[in-house]
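Report on the following structure.
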Amino acid sequence: MFRKIDHVEIIPGDMDRSLDFYVGVLGFSVKIRKKVEMPPMEEIVYLELNETVLELITVTDPAPAGDAEWQVGYRMIALEVEDMDRAIAYLKEKGIEVTWGPVALGPSKRAEIRDPDGLPIELRQW
């Protein structure tokens, strides 16, 4: 019946800054970018990384992200990396700070970074 997660929606504070991060740093590609006339939505951009899709939505006057780290709701997205050490070195070259880890968790390594709006992103090496 249910096959997979189709996409994850993100409302960025600044679309161009988020595109610089997700496309320029993390390697997503723009699949679709279009203006929409469905207030408060103004623009939708679908980004793709292998089979993972993010939908960035520009809205009029978005509220800031919540400050409570452990609140009810979605906590973060996770990206699988081939080599944690190489990924962290690359991110540091791009000015992206690792906010937690890396730590070894049995057969995997885990670290966290944040996008330009402070949304958490887990990095996982299996």
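The values are calculated or read from the model by the stated rules, or taken from the named source; none is laboratory data. No experiment lies behind these values; they were computed from the predicted model shown. FYI the Cβ positions are ideal-geometry reconstructions off the backbone, even for glycines, and counts take in every protein chain you see.
Scanning the stretch 97-109 for residues that are closer than 14 Å to Leu26 by Cβ, crowded, with 17+ Cβ neighbours inside 10 Å, touching a residue at least 12 places away in the same chain (Cβ under 8 Å) and not assigned by TED's automatic domain parsing to the domain that holds Glu9 turns up nothing. Being out of contact with any strand residue (DSSP E or B) (no Cβ under 8 Å at 6 or more places or on another chain) and part of a strand (DSSP E or B) holds for only one residue in Glu37, Glu42, and it is Glu37. Can you name the residue in the stretch 49-96 that is in contact with a Lys or Arg (Cβ under 6 Å, 6 or more places away or on another chain) and of a type in the set (A, V, I, L, M) and, of all such residues, is nearest to Leu26 (Cα to Cα)? Once the filter is applied, the top-ranked residue is Ala78. Restricting attention to the stretch 38-87 and to residues that are of a type in the set (S, T, N, Q) and farther than 23 Å from Asp6 by Cβ, the residue that is nearest to the chain's Cα centre (by Cα) turns out to be Gln71.
Can you name the residue in the stretch 73-88 that is surrounded by 11 or more Cβ atoms within 10 Å (Cβ to Cβ) and of a type in the set (Gly, Ala, Ser) and is also nearest to Leu54 (Cα to Cα) among such residues?
Once the filter is applied, the top-ranked residue is Ala78.
Restricting to the stretch 83-126, count the residues that are part of a strand (DSSP E or B) and basic (Lys, Arg). Count: 4.
When residues in the stretch 22-44 are screened for being touching a Phe, Trp or Tyr at 6+ places or on another chain (Cβ under 9 Å) and either buried (at least 17 other Cβ atoms within 10 Å of the Cβ) or hydrophobic (A, V, I, L, M, F, W, C) (or both), 5 of them pass. The residue of the stretch 6-21 that is surrounded by the most Cβ atoms within 10 Å (Cβ to Cβ), among those that are more than 21 Å from Ala63 (Cβ to Cβ) and acidic (Asp, Glu), is Asp20. If you go through the stretch 37-56 and keep only what is among the β-branched types (Val, Ile, Thr) and at pLDDT 95 or above, you end up with Ile44, Val45, Val53.
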